[in-house]
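Just so it is clear, none of the values below were taken in a lab; they were calculated from the coordinates. Just so it is clear, the structure is predicted and the values come from calculations on it, not from any experiment. Cβ atoms come from the backbone with ideal geometry, glycine included; neighbour counts cover every protein chain shown.
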Amino acid sequence: MTIRLTLWACLAAVTITANAEAAPARKRGAKRPPARAAAKPVPKPPATPVTPGIMVPRPVTLTKATPAETRAHAVWMLRAALNVAALQCQYSPFLRSVDNYNQMLRKHGPELVAAQTVLAGHFNRTLKRGGPAAFDRYNTRSYNSFSTLDAQYNFCWAAAQAGLAVRMANVGTLAAIAAEQVPLVRAALAYVPPAAGLNGADVVVPLLPSLDLISETD
């Protein structure tokens with residue numbers, strides 16, 4: 001009887017030892033690694049609204065431009081947009097269009113001069129002759145590319161936001177501000193907000209009641 005109990009005790013000890021060796025030792029207090037969350041898809045930017053049937057001026061582009069010339073072009077387009085706004089958007093003093101333009105000239109003057117020098121060099125580099133004349137035409141087309149009648153209210157609002165961003169920007173960051181704001185200002189040229197009351201497709205003109213002529217003899 002004693003021999004059987006001893007054999008059962010030995011078998012039980014061997015079984016417990018084997019199970020302990022098979023299971024990996026886990027430290028007390030050890031935390032399990034957090035489960036990796038599934039990557040969320042990057043949301044697409046909202047589509048820019050467009051009002052069909054309005055006149056949208058053509059943008060000005062450069063051909064065979066270097067990265068430095070592309071940055072200078074963005075700065076010069078921002079200057080042209082704020083210049084046009086200073087002339088066309090004085091109907092609202094809250095937009096501060098004239099003040100925004102003057103503040104840009106004072107605060108970011110050296111950056112504007114540098115952009116002008118780079119652009120003048122671009123036309124001298126890409127044209128065999130007539131570089132200064134081509135630069136003058138480029139300036140004229142730059143102003144015209146922001147001149148609008150249909151979307152003037154929306155353009156003035158967007159230009160005011162761009163002017164505010166320029167006022168708040170640090171010196172030396174005008175190129176980055178221009179790369180961000182010029183596309184927004186250009187998008188404003190193609191959209192007339194319904195609140196402006198100028199979108200012909202949404203305007204319903206009530207019919208006037210017919211008036212019968214009354215004879216003087218009656």
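Tabulated data
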{"item": "Virtual spin-label span in nm between LEU184 and GLN103, 7 Å along Cα→Cβ", "result": "1.4"}
{"item": "Per residue, the convex hull volume that the Cα atoms of the stretch 78-120 enclose (Å³)", "result": "56"}
{"item": "The stretch 75-203: translational diffusion in µm²/s, Stokes-Einstein, Kirkwood Rh over Cα pairs, 37 °C, 0.692 mPa s", "result": "212"}
{"item": "Around ALA175: net Lys/Arg minus Asp/Glu count, Cβ-Cβ under 13 Å", "result": "-1"}
{"item": "Cα centroid separation, the stretch 140-200 to the stretch 43-93 (Å)", "result": "6"}
{"item": "Share of Cα-Cα pairs in the stretch 137-197 lying beyond 16 Å, as whole percent", "result": "50"}
{"item": "Cut-off 18 Å (backbone N to label point 7 Å along Cα→Cβ of TYR91), residues of the stretch 169-188", "result": "188"}
